[in-house]
Structure formats: structure tokens, C-alpha cells
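The structure under discussion appears below in the form of C-alpha cells.
We did not get these values from a lab; they are worked out from the coordinates using the rules stated. Fair warning: this is a prediction, and the values are worked out from it, not measured in the lab. Note that each Cβ is placed from the backbone with ideal geometry, even for glycine, and that neighbours are counted across all protein chains shown.
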Amino acid sequence: NAGVIQTPRHKVTGKGQEATLWCEPISGHSAVFWYRQTIVQGLEFLTYFRNQAPIDDSGMPKERFSAQMPNQSHSTLKIQSTQPQDSAVYLCASSLGGGSYEQYFGPGTRLTVL
Amino acid sequence: AQKVTQTQTSISVVEKTTVTMDCVYETRDSSYFLFWYKQTASGEIVFLIRQDSYKKENATVGHYSLNFQKPKSSIGLIITATQIEDSAVYFCAMREAFTGSFNKLTFGAGTRLAVCP
């Protein structure tokens with residue numbers, strides 16, 4: 001049973017370029033979450049999908065960040081005009097549903113913006 | 001607003017001993033869920049154990065157990081018979097059942113555990 005898959009594992013972009021991060025949740029999981037991890041801020045919630053519908057994006061920076069879930073097998077996080085402060089590990093997690101279910105995390109994508 | 005605090009930055013123990021990691025939380029919800037995760041050196045975040053706020057019995061999974069003290073808003077993680085491979089960063093997390101973004105996890109800052117031979 002494959003876990004959450006994230007690609008690429010590492011991405012280096014130049015300042016001002018676009019970055020697209022991919023996530024494939026565990027099969028059968030209806031909830032998908034994106035988090036960001038930095039040394040300074042720790043683990044921060046970004047956004048949440050349930051049955052592909054966007055439910056909560058309260059953690060997303062209002063500019064330059066967007067997330068989509070076009071089908072049940074993948075979600076993308078897009079960062080436009082990347083800035084050095086966007087450098088972080090971006091983590092995708094999935095769970096059977098909302099509510100009480102535990103979330104299972106992917107390996108993360110380490111984004112470095114030069 | 002929900003908040004999770006882990007005051008222990010790092011702990012070092014000798015292999016095969018027992019270690020307790022502290023976590024306190026703040027919430028206005030009457031119902032919430034508490035989780036412990038482990039982040040290995042490779043960066044992988046692994047779910048370990050959970051406690052539902054309405055359950056009085058402390059959760060136990062393998063050599064992980066919880067010390068849930070609801071009046072103190074505290075959820076400690078106890079690892080018995082520690083092994084070298086338990087060396088990792090341990091995160092406490094909470095999810096509220098009713099208030100605000102009730103599906104997101106709020107994490108503590110983490111406690112780095114080093115298990116020495």
C-alpha cells in the first residue's frame with residue numbers, strides 16, 4: 001500500500017520563477033492537506049481539500065500561492081513569482097476523511113528559491 | 001485560538017530506558033483530537049498515536065503510550081524501552097472538532113530525542 005507520493009522531492013528555482021508541486025494521496029483517502037515546514041515557523045497549515053473540493057485555504061498566503069485538486073488522485077500547489085522566503089519543505093498529507101481521522105504525510109518537497 | 005506548546009527542545013536518554021515528552025495545548029472546543037508524530041532524520045513524518053478528548057483511557061500503541069491530563073490540557077508521550085531508532089523529532093498536534101478550521105492540524109515546535117547506546 002503506497003503512502004502519499006510527492007514530486008519532485010527537491011526543486012530549485014530562481015527568484016521570480018514559478019514552482020508547481022505535486023501530491024498523490026493514499027488511494028481511498030478523501031481529504032488532502034498541504035503544510036509548510038520551516039526552521040523558523042515550524043509546521044504550518046496551508047490548505048485542505050475534501051472530495052476534491054477546496055474547503056479551507058486559511059493558511060495560504062493570499063498572493064502567489066494557489067492549490068488545486070483536479071481529480072481524486074492528485075493535488076497541486078503552485079507558487080508564482082517565487083521569493084527566497086518561500087524556501088521550505090512543502091508537505092502533503094491525506095486522511096480517510098475529516099473529523100477524527102489521523103493524517104498521513106508524504107516525504108515532502110524541499111523548495112529552494114535562489 | 002488553538003495553540004500547542006512543547007517546551008522541551010531536546011532530550012537525551014540511554015537506550016532501553018523510558019522517556020516522557022511534554023505537550024500542553026489551548027482550545028475553546030469541548031471536543032478535540034490530539035496526535036503525536038515522529039519526524040525521522042530523512043524528513044519522513046510518521047503518525048504514532050492519538051487521543052480523543054472524550055476518552056478517559058490513555059491510548060497505547062506498541063511501546064508508545066499517552067498521559068492525558070485533561071484538566072491540565074496536557075498530553076504527554078511516553079516511550080518505554082527506547083531504541084536507537086527512536087531518535088527523531090517528536091511533534092504534538094491538535095485538531096479541534098467544532099471551531100474554525102476544524103480539520104487542520106496545529107503542531108507544537110517539536111522535541112528532539114536522542115537515544116544513546
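Some points to look at:
- Overall form of chain B: prolate. Here a/c, set by the Cα gyration tensor axes a ≥ b ≥ c, is 1.5 or more, and a/b is the larger of a/b and b/c.
- Counting Lys and Arg as +1 and Asp and Glu as -1 over every other residue whose Cβ lies under 12 Å from the Cβ of A:SER87, the net charge comes to +3.
- Set B:LYS70/B:LYS104; B:LYS3/B:LYS72; A:LYS11/B:LYS104; B:LYS3/B:LYS56; B:LYS3/B:LYS55 screened for pairs whose C-alpha atoms are more than 24 Å apart: A:LYS11/B:LYS104
- Filtered chymotrypsin sites (Phe, Trp or Tyr not before Pro), segment B:1-60: DSSP coil and at most 13 other beta carbons within 10 Å: B:TYR54
- Segment B:50-114 and segment A:11-67 have their alpha-carbon centroids 24 Å apart.
- Test item: A:84-95 mean partner chain Cβ contacts at 10 Å: 1
- Overall form of chain A per C-alpha gyration tensor (a/c, 1.5; a/b vs b/c): prolate
- Shape category assigned to the protein assembly as shown from the gyration tensor of Cα positions, a/c cut at 1.5: prolate
- Nearby aspartates and glutamates by direct alpha-carbon distance to A:LYS78 (threshold 17 angstrom, same-chain neighbours under 8 apart not counted): A:GLU18, A:GLU24, A:GLU44, A:ASP56, A:ASP57, A:GLU63, A:ASP86
- Two-site label geometry, A:ALA53 and B:THR60: point separation in nm, points 7 Å out along Cα→Cβ: 4.2 nm
- Within the shell of other residues whose beta carbon sits under 14 angstrom from the beta carbon of B:GLU26, the net charge comes to +3, with Lys and Arg scored +1 and Asp and Glu -1.
- DSSP loop trypsin sites (Lys or Arg not before Pro) with at most 13 other Cβ within 10 Å: longest gap in chain A: A:63-114
- Inter-chain Cβ neighbour count for A:30-36, averaged per residue, equals 1 (cutoff 10 Å, partner chain atoms only).
- All other residues whose Cβ lies under 13 angstrom from that of A:ILE39 are scored, Lys and Arg at +1 and Asp and Glu at -1, for a net of +2.
- Number of partner chain Cβ atoms within 10 Å, mean per residue of B:69-76: 0
- Where GluC sites (Glu not before Pro) fall in DSSP loop in segment B:9-72, at most 12 other Cβ within 10 Å: B:GLU57
- Candidates per chymotrypsin sites (Phe, Trp or Tyr not before Pro) in segment A:50-102, loop by DSSP, up to 15 other Cβ within 10 Å: none
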